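Down below is the structure, laid out as structure tokens.
Any read-out appearing in this document is the output of simple, stated calculations on the displayed coordinates, not a laboratory observation. On a predicted model such as this, the values are computed, not experimentally measured, just so you know. Glycine gets a Cβ as well: all are built from the backbone with ideal geometry, and neighbour counts include every protein chain shown.
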Amino acid sequence: MYLSKLFIPLLKNNPSEAKIKSHQLMLRAGMIKQSSAGIYSWLPLGFKIMKKIEQIVREEQNKIGAQELLMPTIQSAEIWKESGRYEDYGDEMLRIKDRQGKEMLYGPTNEELITEIFRSSVKSYKSLPQLLYHIQWKFRDELRPRFGVMRCKEFFMKDAYSFDLSDDEAKKSYNKMFFAYLNTFKRLGLTAIPMAADTGPIGGDLSHEFIILAETGESKIYADKRIFDINIKKHTNEDISINSLRKKYDEYYAVTDDKFNKKDFDKQVKKENQLTTKGIEVGHIFYFGDKYSKPLNCLVDLSDGKKVNVKMGSYGIGVSRLVGAVIEAKFNNNLMKWPDSISPFDVALIPSINKNDKTSYDKALKIYNSLKQKNIDVLFDDTEEHLSAKFKKFDLIGIPYQIILGSKSDNDKFEFKEIEGKTEILSLEEIQNKLLIKRNLN
Ligand code: P5A
């Protein structure tokens, strides 16, 4: 892609409405544009990054055998009346009427709809367990939307739903998802810690929020800081190792605000290990048994002819919020560096282009074409600005690697810089190999 052609409305200064760094960067780098309070358009740069996050989330769901489907954004009020949540959900639910006067709503979550799909399709224990998910827009009419994509009205969520025959089986599904979440956040370059949490309007009595530490986060947390040292590398996708991993996390005190109890904290965690801080909730998982399957009459036949309500859980990841969360974790001193796995481009090509001498442009173009041929996604700054002005833009765009064609590069060796890392002088082939290896690691 040529930078001159990229639709990227960069801003020089911080917009006054943006109070936290992720919101500032997303506006300054032309990633999003507000259309009304808490509702945003995703511009090409922001959209590309969100799509990469979505794909990693998808791959980790598929790895544990979850199946993707797609439910609509608009739902009928009827099923919500059956579950009893139509009234409970209150003003956060956007209620709509169609031209026949039928009550509809823009889905804030999908427990009812997925239960309705399941009850009409599945009748026998033989079809269980099942794990279904979709990645779809949600709407919650938040009273105070703020911090850009962190708390907005319309947001992109991955929500998965598990269906099992017994509590024991259902907890295995819960643990599987727990494990998939740790892998997902790790691939996004984040350390997300599962914390015992309240279940709120979703319900149930077992729940974890996945939190990344950030001063600007809206969740207050209390934890034994040794929980950050748990290494998940050794675990594979098998029931036994997944369950033992879950147990490991349970060994350490880690809760959000509404579960906090000072006495327990002081009793269970030595003073020097106590951590009280703030974080961003990037995912939230729930086990609620038959909270929805009972009122919605979702039953399956057992082998002995008896019928049981299926046991369900639901599992959310804030895909659009994650774009902001990664920025909160990685953007410092006006310098952004995206993790390789979700960077909008593999590499930036930054030549110093001399208006009166076409050779510098031609040389850059040759490198650009060669990278494209190797399927390397490169952003070519084909403008005639000064190198220093170009660097300022790339500080915001945050591509982790740069090929700089300035004084340090000659005919066949080029300056290759890793943001916040080392700079080397390499041949084009060496650069290509490096980039291809990095891509394979993700
Ligand atoms: C779990 C999946 C649920 O809705 N039902 C289906 C359950 N959980 S949740 O915690 O309410 O939301 C899941 C994740 O979505 C993100 N999120 C938001 N992101 C941006 N703006 C919002 N207003 C917003 N509300 C929730 C969070 O990452 C949350 O963990």
With a 10 Å cut-off between alpha carbons and a GNM built on the chain, which of ILE317, ILE20, ILE397 moves the most? ILE20
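Quick check on the exposure proxy: order TYR361, TYR287 from fewest to most C-beta atoms within 10 angstrom.
Values: TYR361 16, TYR287 26.
Going from least to most buried by this count: TYR361, TYR287.
Over 30 Å between Cα atoms: which of LYS21/LYS262; LYS330/LYS438; LYS176/LYS271 fall into that group? Intermediate values should be presented prior to the final figure.
Details: LYS21/LYS262 32 Å; LYS330/LYS438 19 Å; LYS176/LYS271 33 Å.
Distance filter (> 30 Å) returns LYS21/LYS262; LYS176/LYS271.
Calculated from DSSP H runs of 4 or more alone, at -39500 (n - 2.57) each and per residue, what is the 222 nm mean residue ellipticity of the chain, nearest 500?
Values: 12 runs with 143 residues, N = 442.
Helices in the chain give a 222 nm mean residue ellipticity of -10000 deg cm²/dmol.
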Projected label distance in nm at ASP264 and LYS413, using a 7 Å step from Cα toward the beta-carbon: 6.2 nm
Can you list the lysines whose alpha carbon is less than 20 Å from that of LYS123, not counting same-chain residues fewer than 8 positions off? LYS291, LYS294, LYS306, LYS307, LYS311
If the cut-off is 16 Å between C-alpha atoms, which lysines fall inside it for LYS97, apart from same-chain ones fewer than 8 positions away? LYS81
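If the chain between ASP205 and GLU238 were fully stretched, how many nm would it gain, using 0.36 nm times the residue separation less the Cα-Cα distance?
Details: separation 33, 0.36 × 33 = 11.88 nm, distance 2.49 nm.
Stretched fully, the ASP205-GLU238 segment lengthens by 9.4 nm.
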Restricting everything to alpha-carbon atoms, can you work out Rg to Rh for the stretch 158-225 with a Kirkwood hydrodynamic radius? 0.98
Using alpha carbons only, how many angstrom separate the centre of the stretch 145-164 from the centre of the stretch 67-141? 15 Å
Let me check I've understood the local charge: for ARG119, count other residues with C-beta under 13 angstrom from its C-beta, Lys and Arg +1, Asp and Glu -1. What total comes out? -3
With the chain treated as a Gaussian network of Cα nodes joined by springs under 10 Å, which of ASP198, ASP340, ASP382 yields the largest mean-square fluctuation? ASP382
Work from the charge dipole of the chain (Cβ charges, +1 for Lys and Arg, -1 for Asp and Glu, about the Cα centre) and give the residue of SER127, LEU322, PRO194 farthest towards its positive end. LEU322
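For ARG146 and ARG95 in one chain, what is 0.36 nm times their gap in residues minus the Cα-Cα distance, to one decimal in nm?
Values: separation 51, 0.36 × 51 = 18.36 nm, distance 2.18 nm.
Working it through step by step, the gained length comes to 16.2 nm.
Give me the number: length gained by fully extending SER166 to LYS225, i.e. 0.36 nm times residue separation minus the C-alpha to C-alpha distance, one decimal in nm. Working shown, then result.
On the way: separation 59, 0.36 × 59 = 21.24 nm, distance 3.43 nm.
Residue separation times 0.36 nm, minus the Cα-Cα distance, leaves 17.8 nm.
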All lysines inside 16 Å of LYS363 as judged from Cα atoms, apart from same-chain residues fewer than 8 positions distant: LYS355, LYS372, LYS408, LYS413
Inter-centroid distance (Cα atoms) of the stretch 224-302 relative to the stretch 348-406, Å: 46 Å
Per GNM of the chain with C-alpha springs under 10 angstrom, the most fluctuating residue out of GLN432, GLN61, GLN24 is GLN432
Determine, for THR383, THR184, THR359, the number of other Cβ atoms within 10 Å of each Cβ, and report the residues in order from fewest to most. THR359, THR383, THR184
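So, with +1 on the Cβ of K and R and -1 on the Cβ of D and E, and no other charges, what is the size of the charge dipole of the stretch 63-208 about its Cα centre, to the nearest 20 debye? Please list the in-between numbers first.
Working: 22 positive and 22 negative charges, 130 e Å.
Value, rounded to 20: 620 debye.
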Hey, which of these cross-link pairs are over 28 Å Cα-Cα: LYS220/LYS417; LYS259/LYS337; LYS393/LYS434; LYS5/LYS158; LYS19/LYS63? LYS220/LYS417; LYS259/LYS337; LYS5/LYS158; LYS19/LYS63
Bin width 10 Å, origin at 0, all Cα-Cα pairs of the chain: what percent of pairs per bin? 4, 19, 26, 24, 16, 8, 3, 0, 0
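Taking neighbour counts of Cβ atoms within 10 Å as a proxy for exposure, in what order, fewest first, do HIS386, HIS134 appear? It would help to have the intermediate numbers written out before the result.
On the way: HIS386 11, HIS134 19.
Placing the least packed residue first, the sequence is HIS386, HIS134.
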What spacing in nm lies between the two simple spin-label points modelled at PHE7 and MET71, each 7 Å away from Cα in the Cβ direction? 3.1 nm
